[in-house]
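Quick notes on the structure that follows.
The values are calculated or read from the model by the stated rules, or taken from the named source; none is laboratory data. Computed from a predicted model, the values in this text were never measured in an experiment. Cβ coordinates were reconstructed from backbone atoms using ideal geometry, including for glycine residues, and neighbour counts include every protein chain displayed.
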Amino acid sequence: MLETNPIENILTLRYDPASSSSLKKLSWKDFQDKSAKNEIEEVESMLKNSIIQFVEKGNIKKTSLALSGGIDSMLILKLFRETCPDVEITCISAGFNEDDEEVKYAEILAQKFNCNFQYILLENFLNNLPMQINIVKEPKWHYYWFFVAETAKKFSSSLISGDGGDELFGGYIFRYEKFLTTINNSSNWKNKAESYLSCHNRDWVDDQPLLFGSKIKFSWKKIHSTLKPFFDNSLEPLDQVFLADYSGKLMHDWIPALEKIHSNFQLTGFAPILNEKIINF
């Protein structure tokens, strides 16, 4: 008999909360405020140490780096080049049209930091969808990363990324703003869970119950109960969102899928921001 809960969760939350993950599981207590001095210097030091350990352990002479032109990947490129000036880096940037501003900015950054640059035009990243699903083993369609990894393999056996930056350092500003405008001081955990879902409405459709048919007995109540631990606690609302983001799409969707794609191409994936010391910090 086909287990329906994972499918319901994937087609609503975009992840199965019961799936395994290489990331450390955290509770709401891990997200309580901690006093710290010189936060920027401390994080930068941990990132550089993580990069040094990766390069020395793997005896890395050349590597590929996914560069979007955003803050996360730009920071990793800068620190990687400062820390390991002799490593040959091929920056890979994907765009949906030839006039993509982020791609143009990424190429400028690659030149600035003395790197090679490769551009991928994603005219239709669904054209090999069956292959992507076969690799990830879940009914998902959004993994343009397949093409990034495929290109990276042509230049090196490792692929560096800025993954985790948004989840750990609050990068989804537009979603936070929407979340905060739809709750108030009297909102309970269920209200917050509903608001959180409303900020991800591209993951499900308005008539979601009809997607599965009556026999599966889809219920939003089950989905809300999955999110309850993230919002039924004493954290501040935004900290609750950070907990939900880390524990959901990062931990059970994006990172596991990337690891499967890396494995398919026999690549070593490396995300310095997801170093356990930085996560703990």
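Structure data summary
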item: Among residues of the range 105-124, those that are of a type in the set (S, T, N, Q) and either in contact with a Gly (Cβ under 6 Å, 6 or more places away or on another chain) or crowded, with 17+ Cβ neighbours inside 10 Å (or both), counted; result: 1
item: Test: ALA193 is in the same structural domain as ILE120 (by TED's automatic domain parsing), buried (at least 17 other Cβ atoms within 10 Å of the Cβ) and in a helix (DSSP H, G or I); result: no
item: Close pairs (6 angstrom Cβ cut-off, 6 or more residues apart or separate chains): more than 9 Å from PRO272 (Cβ to Cβ) in the range 44-57, part of a helix (DSSP H, G or I) anywhere; result: ILE52/THR83
item: Answer residue from the range 170-190, given it is outside any loop (DSSP other than H, G, I, E, B) and free of Cβ contacts under 8 Å to residues at least 24 places away in the same chain and is surrounded by the most Cβ atoms within 10 Å (Cβ to Cβ) among those; result: LYS178
item: Total residues in the range 153-181, condition in the same structural domain as ALA106 (by TED's automatic domain parsing) and over 19 Å from GLY70 (Cα atoms); result: 6
item: Which numbered condition SER27 misses (of (1) farther than 29 Å from PRO237 by Cβ; (2) modelled with pLDDT of 90 or more; (3) among the small types (Gly, Ala, Ser)); result: (1)
item: Every pair of residues 6+ apart whose Cβ atoms lie under 6 Å, when the first sits in the range 227-247 and is surrounded by 18 or more Cβ atoms within 10 Å (Cβ to Cβ) while the second is among the acidic types (Asp, Glu); result: ASP245/GLU167; TYR246/GLU167
item: Complete set of residues in the range 231-280 that are not in a helix (DSSP H, G or I) and not assigned by TED's automatic domain parsing to the domain that holds PRO139; result: ASP232, ASN233, SER234, LEU235, GLU236
item: Identity of the residue in the range 129-143, surrounded by 14 or more Cβ atoms within 10 Å (Cβ to Cβ) and touching a residue at least 12 places away in the same chain (Cβ under 8 Å), that ends up farthest from the chain's Cα centre (by Cα); result: LEU129
